[in-house]
1. Can you name the residue in segment 157-201 that is among the small types (Gly, Ala, Ser) and in contact (Cβ under 8 Å) with a residue 60 or more places away in the chain and, of all such residues, is farthest from Glu5 (Cα to Cα)?
2. From the list Arg172, Arg209, which residue is in contact with a Leu (Cβ under 9 Å, 6 or more places away or on another chain), closer than 26 Å to Ser42 by Cα and modelled with pLDDT of 95 or more?
3. Counting only residues that are among the hydroxyl-bearing types (Ser, Thr, Tyr) and assigned to a helix (DSSP H, G or I), which one in segment 130-156 is modelled with the highest pLDDT?
4. Quick one: count up the residues across segment 75-91 that are under 15 Å from Trp199 (Cβ atoms) and not aromatic (Phe, Trp, Tyr).
5. Across segment 150-167, what is the number of residues that are surrounded by fewer than 14 Cβ atoms within 10 Å (Cβ to Cβ) and of a type outside the set (Gly, Ala, Ser)?
6. Do we have any residue at all in segment 92-106 that's farther than 16 Å from Gly192 by Cα, at pLDDT below 95, touching a Gly at 6+ places or on another chain (Cβ under 7 Å) and surrounded by 20 or more Cβ atoms within 10 Å (Cβ to Cβ)?
7. Out of the residues in segment 35-74 that are modelled with pLDDT under 95 and in a helix (DSSP H, G or I), which is farthest from Pro195 (Cα to Cα)?
8. List the residue pairs whose Cβ atoms are under 8 Å apart, where the first residue sits in segment 119-147 and is closer than 21 Å to Ala33 by Cα, the second is at pLDDT 95 or above and among the charged types (D, E, K, R), and the two are 6 or more positions apart or on different chains.
Amino acid sequence: MMTTEFLQEVRQRQLLLDQLCSAWSSEQRQRGAALYCAKGCSGCCSLAVNCTFPEAVLVASTLDSRQQERLRQRAPLLYRTASAAHDLKGWLTGYRSQAGPCPFLEEDGACGIYAVRPLSCRALLATKAPRWCTTDFSSLTPEEKQAFMASLDRSVAAFPTHYAATTQEIGRELEEATLRQMEGQYGFALVGLLPWLVWLECEQGLSSRLAEGAELLQEYLTDKGLDNPFLLALL
């Protein structure tokens with residue numbers, strides 16, 4: 001099992017990112033830039049969100065019975081969608097059209113795990129209106145795509161997306177720190193799709209198997225039919 005101290009350090013990284021994102025956002029607004037993320041917009045909640053396993057353990061520890069049941073019902077669909085994908089593009093498209101939105105999204109569009117949401121969620125700040133977070137860019141004409149890219153502020157956005165680059169870079173650095181911490185304690189690290197990792201912790205008690213090592217954990221996941229490269233990866 002992961003110690004309380006381990007998870008507290010993970011939590012501190014999340015709070016640090018919140019502070020840095022808030023400071024960055026304030027600076028951008030002072031220079032006249034617009035940021036569009038707000039409670040209930042939920043466009044990015046249809047994306048396949050990856051996170052570190054320790055963050056998934058944090059989420060699992062906070063779920064109520066209603067959220068656990070919703071996750072339990074969603075898990076088979078996540079696996080079927082991942083199994084049907086032949087490449088990364090197919091997986092991302094399939095997730096958005098078949099498996100989403102996030103099972104932790106509430107009916108009012110608010111995040112049901114907001115206090116413990118992973119770094120990858122915290123770092124994603126939109127520099128354009130929420131409708132662009134749900135736009136299927138494959139359906140746009142070449143002219144529409146060109147107009148969209150021309151409208152991006154390349155000093156802020158992670159081109160060719162409209163999401164802020166700086167906050168994502170900071171988020172990745174903090175995420176790498178968590179992976180190093182996990183590797184230092186267990187000899188390997190684990191990343192994957194947020195709801196899948198949370199389900200593995202809730203239903204399989206995966207954290208109790210970490211001390212067995214990467215090889216035995218991989219054997220367990222394979223034997224149980226729980227392994228898929230789009231859902232998780234041992235590093």
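1. Selected residue: Ala164.
2. Numbers: Arg209 fails: closer than 26 Å to Ser42 by Cα.
Going through Arg172, Arg209 in turn, just one is in contact with a Leu (Cβ under 9 Å, 6 or more places away or on another chain), closer than 26 Å to Ser42 by Cα and modelled with pLDDT of 95 or more: Arg172.
3. Ser151
4. As a first pass, look at segment 75-91 and keep what is under 15 Å from Trp199 (Cβ atoms): 75-82.
If we keep only those that are not aromatic (Phe, Trp, Tyr) too, we end up with 75-78, 80-82.
Residues flagged as under 15 Å from Trp199 (Cβ atoms) and not aromatic (Phe, Trp, Tyr) within segment 75-91 amount to 7.
5. Within segment 150-167, residues that are surrounded by fewer than 14 Cβ atoms within 10 Å (Cβ to Cβ) and of a type outside the set (Gly, Ala, Ser) number 3.
6. No.
7. If we take residues in segment 35-74 being modelled with pLDDT under 95 and in a helix (DSSP H, G or I), then Gly43 is farthest from Pro195 (Cα to Cα).
8. Arg122/Asp18; Ala123/Arg172
The values are calculated or read from the model by the stated rules, or taken from the named source; none is laboratory data. This structure is a prediction, so every number in the text was calculated from the model and none was measured. Cβ: placed from backbone, ideal geometry, glycine included. Neighbour counts: every protein chain shown.
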